[in-house]
Amino acid sequence: MAGESKKLMIIVYYWPPSGGSGVQRWVKLAKYLVEQGIQVHVLTVDEKSASYQQTDLSLLEEVHPEIKVTKTRSFEIINVFAGIFGKSKVPSAGFYNLDRKSFVHNLGLIIRSSFFIPDPRRGWNSFAFRKASQIIREEGIKTVITSSPPHSSQLIGLKLKKRFNIEWIADLRDPWTDIFYYKLLRHTFLSRKIDRHYELTVLRKADRIFTVSQKLKEIFVSKDSRIDPEKISIIPNGFDKDDFKNCIANEREKDFVIGYTGTISGQYEPRGFLNAFHNLVRQTDGKARLEITGTIAPGIINYIEKLGISDLVTINAPVPHRDIPGLLCRKSALLLVLPRVSHADLILTGKLFEYMASGRPIMLVGPKNGDAAGILKVCGAGESFEWDSESEMTDHLKWLKNQHEKGLLVTPENENLEKYSRRKQAMNISKILFR
């Protein structure tokens, strides 16, 4: 496409002021695509009618000024449900707050899965399609990326492909019908069949597919023999080096402090690690702290109290994304716990990559044969432990503390980390789309 103007439309539901790693993916990639000389148009939902799980106003500062952002209104059944029953009754991301005994929760799931397929944010689709059609005609855009979840956004791309025969890339950050909480959604036989039809149609009809890992690519390819594996490119989650440019190597706290950012729900099963931390405190001089920044399930807080380590565990409220890098860099080591669910080996949280960018050693609690553990090993960024491997985690914590006290607790630079740089990834995307 030499000599032609490079124009790209990205259709994405989650965009600032929405928060979360799904937002950061395209905010960061779009920033560096602009640097590649690409005219980027972003189509997203107006926050006034959106149903975000979280917001982060600091992410607005990270949107490149040359990105043309267009917002449309939406009809959100989630907002209607929240207005009737209260926001606390709306299932959170990953359904971590789901009360299976609650009539309201069960009613919400039945309505969601029977009438809003593939998801309740489908109410945005008609508004987004009309606006996308207008922008395509006015700007002469020939390349469109639709990013999900929510997977209903992929149906916008499918319709645009049929109407305009654009080059359509489906960016699938998560599994669709294989997501770990899918069985909780209470699908009927018919609704499940419709959902799988949508998934297969998107996988077949998209000109290209982006996804975040080799294992997820294999899952999508296995759906149908007509899906060409060559059209699926792996664009992992990653980190932005600019976020860490003020990280100073000697900025660590003097005490041995393990940091964790994000959510810890009951599904995360951190008890094995907490037992190991308790062992560390009992078997050494007791000078160690665990600092959690985010939200933590009441049952986990109760378990911390039961172990008698409450005075060594600090739980802070969530902070804006712009504050995360500095927070990570000050810690001695970082803890990453994956939820103990089916397909946990596929989970690649964006947190992993920012942890690695901080240069702090990581303790990952989750499947040792999973994608996250594999990346950690290849990048030499830490060690992985199964949820129940209390003894091994105790020994490793002792080693980390000893290294910290000797001033030797550093993670050596690793060339494999560069492939997760947002700038590098944007260069790869540019080559794929505008070769």
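The values are calculated or read from the model by the stated rules, or taken from the named source; none is laboratory data. Since this is a predicted model, take the numbers as computed values, not measurements. Note: ideal-geometry Cβ built from the backbone for every residue, glycine included; neighbour counts use all protein chains shown. Accessible surface areas use protein heavy atoms only, side chains included; no ligands, DNA or RNA. Shrake-Rupley method; radii C 1.70, N 1.55, O 1.52, S 1.80 Å.
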Which of the residues spanning the stretch 403-435 are β-branched (Val, Ile, Thr) and part of a helix (DSSP H, G or I)?
429, 432
What is the one condition in (1) farther than 26 Å from residue 28 by Cβ; (2) open to solvent by less than 30 Å² (accessible area, probe 1.4 Å); (3) in a loop (DSSP other than H, G, I, E, B) that residue 237 does not satisfy?
(1)
Looking only at the stretch 200-232, and only at residues there that are more than 18 Å from the chain's Cα centre (by Cα), more than 16 Å from residue 118 (Cβ to Cβ) and among the hydroxyl-bearing types (Ser, Thr, Tyr), the one that is least open to solvent (accessible area, probe 1.4 Å)
222
Scanning the stretch 289-314 residue by residue, those hydrophobic (A, V, I, L, M, F, W, C) and without any contact (Cβ under 8 Å) to a residue 24 or more places away in the chain turn out to be 301
Given the conditions (1) among the charged types (D, E, K, R); (2) at pLDDT below 90; (3) assigned to a helix (DSSP H, G or I), every one holds for residue 252 apart from (3)
State all residues of the stretch 415-432 that are open to solvent by 30 Å² or more (accessible area, probe 1.4 Å) and in contact with a helix residue (DSSP H, G or I) (Cβ under 8 Å, 6 or more places away or on another chain); if no residue qualifies, say none.
416, 417, 418, 419, 423, 424, 427
Just to be sure I understand the filter: pairs with C-beta atoms under 9 Å, separated by 6 or more residues or on different chains, first member in the stretch 47-58 and farther than 16 Å from residue 27 by Cβ, second member charged (D, E, K, R) and crowded, with 16+ Cβ neighbours inside 10 Å. Which pairs pass?
48/71; 49/76; 51/76; 51/121
Considering 108, 123, which residue is buried (at least 19 other Cβ atoms within 10 Å of the Cβ) and at pLDDT below 65?
108
What is the residue count in the stretch 43-57 for residues that are surrounded by fewer than 16 Cβ atoms within 10 Å (Cβ to Cβ) and more than 11 Å from residue 14 (Cβ to Cβ)?
3
Looking only at the stretch 391-410, which residues are surrounded by fewer than 19 Cβ atoms within 10 Å (Cβ to Cβ) and either in contact with a Gly (Cβ under 8 Å, 6 or more places away or on another chain) or not basic (Lys, Arg) (or both)?
391, 392, 395, 399, 402, 403, 405, 407, 408, 409, 410
When the stretch 257-292 is checked residue by residue, the ones that are open to solvent by less than 60 Å² (accessible area, probe 1.4 Å) and more than 28 Å from the chain's Cα centre (by Cα) are 278, 279, 280, 281, 284, 286, 288
